[in-house]
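J.: Could you have a look at this structure, given as structure tokens, before my questions?
No value in this document is a laboratory result; all are computed from the given coordinates. This one's a predicted model, so the numbers in the text were calculated from it and none came from an experiment. Cβ placement follows ideal geometry from the backbone for every residue including glycine, while neighbour counts extend to all protein chains displayed.
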Amino acid sequence: MPGLANPPFAPTAHAGQAKGDAKAKIGAEGARTVPPREHGGNCDIKDLSRGSKIYFPVYVPGGGLSMGDLHFSQGDGEITFCGAIEMAGWLHLKVDIIKDGVAKYGIKNPMFKPSPITPNYKDYLIFEGISVDEAGKQHYLDVHIAYRQACLNAIEYLKKFGYSGAQAYSILGTAPCQGHISGVVDVPNACATLWLPTEIFDFDIMPSSAGPIKHIKGDIQMPLSPGQVIPARRDAGRLRICRPASAVAISMSIARGNKMPVYEYLCNDCGPFTDMRPMAECDAAAGLSAMRK
């Protein structure tokens, strides 16, 4: 059974105002909040913005409240990991408590009323994906696989207009794209959709009988700085570097004795794999925008 939470990792634990033994105890025992959790965690919800009302269940006496990881703009899913437009900022909050609210309303996860200030796009090109992966393997009602396929379909489509794979990938992570679970009713396939707002482009991206016109050179690659990771795979003892824009980081976990994050990649050439290595001079550096967080 997969883990439901990342294990404690004291070096990066945020313990609020706790000090001394209390801070050490939090670092040693606290479950990490990098993934979404039953009490909140790092949800990265696009419409959780100014003017929202959020309801957090509280599971421990004296539970604290902290917030961070602000985004200027983001597509649903933040599929490029740190691919939203990250920003510094401050929050103005009003906090009320609903005593016994979990029991009164029967909730076990957060819920929220979205901001009235939302991206005002009216026209979308919608890409569908189903729970059949790139190798043709069917994953029973797996919405993660389905959404990944919708995103990969959109990336391939945008490349026909001249974008590099890295550029298209970044657009989906930073523009206010919508992601929907569109069908989990007809077994065995789940269906997910990615809604790409057409109004963010300076040219027509709709399909036509004339075919796509390349408006973009696609020669601007995504920069990487020292300390970032690049996709690599070891085959028969040799290190294989994937081609530019062929690998997509799909998840991150803490492993290997809790000493470093491990990234799982999906490579169009060699399938899924997990690895980590220092930055190197390599063409593949242009094909990945994931970084240590």
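J.: Could you work out how much longer the chain between D96 and A15 gets when fully extended? Use 0.36 nm per residue separation minus the Cα distance between them, nm to one decimal. All intermediate terms of the calculation are to be shown ahead of the outcome.
T.: Values: separation 81, 0.36 × 81 = 29.16 nm, distance 2.21 nm.
Difference between extended and current length: 26.9 nm.
J.: Working out 0.36 nm times the residue gap between V184 and N109, then minus their Cα-Cα distance, what length gain in nm do you get to one decimal? Let's see the in-between values first.
T.: On the way: separation 75, 0.36 × 75 = 27.00 nm, distance 2.09 nm.
Value of the extension gain: 24.9 nm.
J.: Another question, then. Which order do I79, I97, I205 fall in if you start with the one that has the fewest other Cβ atoms within 10 Å?
T.: Fewest-to-most Cβ neighbours within 10 Å comes out as I97, I205, I79.
J.: Out of residues 5 or more away from S73 or on other chains, whose amide H comes under 5 Å of its own, with H placed 1.01 Å from N in the peptide plane?
T.: Distant-sequence amide H within range of S73: I85.
J.: For the range 140-157, what does the Karplus curve 6.51 cos²θ - 1.76 cosθ + 1.60, with θ = phi - 60°, yield as ³J(HN,Hα) per residue in whole Hz, taken in order and with x for Gly and Pro?
T.: So the J values, rounded to whole Hz, are 4, 6, 8, 6, 5, 4, 5, 5, 4, 5, 4, 5, 5, 5, 5, 4, 4, 5.
J.: Please find the FRET efficiency linking Y124 to K217, where r is the Cβ-Cβ separation and R0 is fixed at 25 Å, and quote it to the nearest 0.05.
T.: Details: r = 26 Å, r/R0 = 1.03.
So the FRET efficiency works out to roughly 0.45.
J.: May I ask for the distance between the Cα centers of the range 1-64 and the range 162-189, given as a whole number of Å?
T.: Using only Cα atoms to place each centre, the spacing works out to 28 Å.
J.: Moving to a separate point now. Taking the number of other C-beta atoms within 10 Å as the exposure measure, put F127, F203 in order starting with the fewest. Can you show the working numbers first?
T.: Numbers: F127 22, F203 11.
Least crowded to most crowded, the residues run F203, F127.
J.: Going by amide H atoms built from the backbone, whose H comes under 5 Å of the H on S182, apart from near neighbours?
T.: C191, A192, T193
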